[in-house]
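Here the structure is laid out as structure tokens; the discussion comes afterwards.
The values are calculated or read from the model by the stated rules, or taken from the named source; none is laboratory data. Bear in mind the structure is a predicted one, so any value in this text is a computation, not a measurement. Don't worry about glycine lacking a Cβ; one is built from the backbone with ideal geometry, like all the others, and counts go over all protein chains shown. The area values use the complete protein model at the heavy-atom level, side chains included, leaving out ligands, DNA and RNA. Shrake-Rupley method; radii C 1.70, N 1.55, O 1.52, S 1.80 Å.
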Amino acid sequence: MIAIVSGEVAVRRGDHVVVLCGGVGYRLAVSAETLRHVPRVGESVTLHAHLVVRDDALSLYGFATEEERDLFLLLLGVPSVGPKMALAVLSGGPPRELLKAVAAGDGARLQAVPGIGRRTAERIVVELREKVGVAPDEDPIVVVRGDDPRLLARDGLVGLGFSPVEADALLDGASGDTPEALISHALKAARP
């Protein structure tokens, strides 16, 4: 699983970006909300990612925050909502606002998103209302992943198949000042 893509912006379009990482360009489909956070071509960027595997294609999706990626994954769990529709919903505003709308049962807020009709909006609200609960009023804290080796190591462990809770537990006793050192220490602790 590809959890984070970090590199230089090579292409920036209305529905996708291409990020150069170690000589390879990764095309990530993005929402309008994420695109607002992507810098100009030639500048560095770090995006959270999710890979969708289908019989006929591998599609990589990029997100400015973990919160947005988590909402994307929740939306994919709703019947008849695929990746393109989930990106359309995410383009409707910041994840915090969308979560508040779902928690409040505000299907009209979701219907304002192009391509989302009444039935789909109602289905999203019904399927996700209990899962999202009541969204807190305070603004989310945005963490720049590239600055914190522990968070990069956590994402690496999640990419290796550990749950976020397991990754946090393994990193609690880990020492090191680079993501690689932290992951190595955590994996040694995970061995029986």
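Remarks
- Identity of the residue in the stretch 54-76, of a type in the set (Gly, Ala, Ser) and at pLDDT 90 or above, that ends up farthest from Arg36 (Cα to Cα): Ser59
- Whenever a residue of the stretch 164-192 is more than 12 Å from Arg150 (Cα to Cα) and of a type outside the set (Ser, Thr, Tyr), its partners that are at pLDDT 75 or above and assigned to a helix (DSSP H, G or I), lying with C-beta atoms within less than 7 angstrom and at least six residues away or across chains, give the pairs Ala189/Leu170; Ala190/Leu170.
- Among the residues of the stretch 1-25, none is identified as over 13 Å from Phe63 (Cα atoms), open to solvent by less than 40 Å² (accessible area, probe 1.4 Å) and in contact with a helix residue (DSSP H, G or I) (Cβ under 9 Å, 6 or more places away or on another chain).
- Within the set Ser31, Ser44, the sole residue that is open to solvent by 20 Å² or more (accessible area, probe 1.4 Å) and out of contact with any Cys (no Cβ under 6 Å at 6 or more places or on another chain) turns out to be Ser44.
- Filtered by the rule that a residue be closer than 17 Å to Gly93 by Cα and either aromatic (Phe, Trp, Tyr) or without any contact (Cβ under 8 Å) to a residue 24 or more places away in the chain (or both), the stretch 17-35 gives a lone residue, Leu35.
- Helices (runs of 4 or more DSSP H) wholly inside the stretch 97-178 that include at least 3 residues being modelled with pLDDT under 80, aliphatic (A, V, I, L, M) and under 22 Å from the mean Cα position of the chain (by Cα): 149-159, 164-172
- Within the stretch 51-87, the set of residues being in a strand (DSSP E or B), open to solvent by less than 30 Å² (accessible area, probe 1.4 Å) and of a type outside the set (Val, Ile, Thr) comprises Leu60, Tyr61, Gly62, Phe63.
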